[in-house]
Amino acid sequence: METFTVGIVGLGLVGGSLGLDLALWGKKRCIIGYDRVKDVALQAREKGAIEVVAESVEEVAECADLLFIATPVREIPRVFFAARPFLRKGVRVLDTGSSKEWVFREIRPEGLDVEYVGFHPMGGSREGGIDRARPGLFRGMPVLVIPGRIREETRVLLQELGEVIGGRVFF
């Protein structure tokens, strides 16, 4: 069985809730996370959303087989381009942002050497933050997947991830 080191950049409501759900995933080897506010990352580790606190985006990128960018939408391209030189071949990058057109225009996933996918679980709250992160936040919610280039095995993995977080995946 293939296992994954999961990286999460952005450990607020969405990133923290993803980590809490993925902590129970049988294919998870380890979850490493980074947040620009160190206390947020430490709190995410205390809650069990991540196991390892990274010191930088680059450190997460070096370790991850599956990288979630769970930052505010306007930060997604900056985070991706900081991570990109450190990503290994075969890494899948998923952004959780609600807006895709601008992000895809900035990143241009069709020309990348990694698989880049918009993975937007449509759950949350008006108020964010790691203190509001909880397992099951996305249960029963749609998960919109907007693929750039996507292989069949990635499609299967995304469907499985949707099930792990309790969402319904729509391609």
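The values are calculated or read from the model by the stated rules, or taken from the named source; none is laboratory data. Owing to the predicted nature of the structure, the values given are computational and were not obtained by experimental measurement. We place every Cβ from the backbone using ideal geometry, glycine too, and count neighbours over all the protein chains shown.
Some observations on this one:
- Residues that are over 15 Å from residue 132 (Cβ atoms) and at pLDDT 95 or above, drawn from the stretch 1-23: 3, 4, 5, 6, 7, 8, 9, 22, 23
- Taken over the stretch 83-137, the criterion of being closer than 23 Å to residue 164 by Cβ, of a type in the set (Gly, Ala, Ser) and out of contact with any Asp or Glu (no Cβ under 8 Å at 6 or more places or on another chain) is satisfied by 97, 98, 123, 124, 125, 128, 129, 133.
- Listing of helices (runs of 4 or more DSSP H) fully contained in the stretch 55-112 that carry 3 or more residues being more than 20 Å from residue 150 (Cα to Cα): 57-63, 76-83
- Criterion applied to 155, 139 was being surrounded by fewer than 20 Cβ atoms within 10 Å (Cβ to Cβ), touching a residue at least 12 places away in the same chain (Cβ under 8 Å), among the charged types (D, E, K, R) and not in a loop (DSSP other than H, G, I, E, B), and the one residue passing it is 155.
- Residue within the stretch 128-135 that is farther than 26 Å from residue 20 by Cβ and either in contact (Cβ under 8 Å) with a residue 12 or more places away in the chain or surrounded by fewer than 13 Cβ atoms within 10 Å (Cβ to Cβ) (or both) present: no
- Any hit, the stretch 36-46, residues being over 18 Å from residue 143 (Cβ atoms), outside any helix (DSSP H, G or I), in contact (Cβ under 8 Å) with a residue 24 or more places away in the chain and out of contact with any Gly (no Cβ under 8 Å at 6 or more places or on another chain): no
- Residue check: residue 162 meets all listed conditions (1) touching a strand residue (DSSP E or B) at 6+ places or on another chain (Cβ under 6 Å); (2) at pLDDT 95 or above; (3) surrounded by fewer than 14 Cβ atoms within 10 Å (Cβ to Cβ) but one, namely (3).
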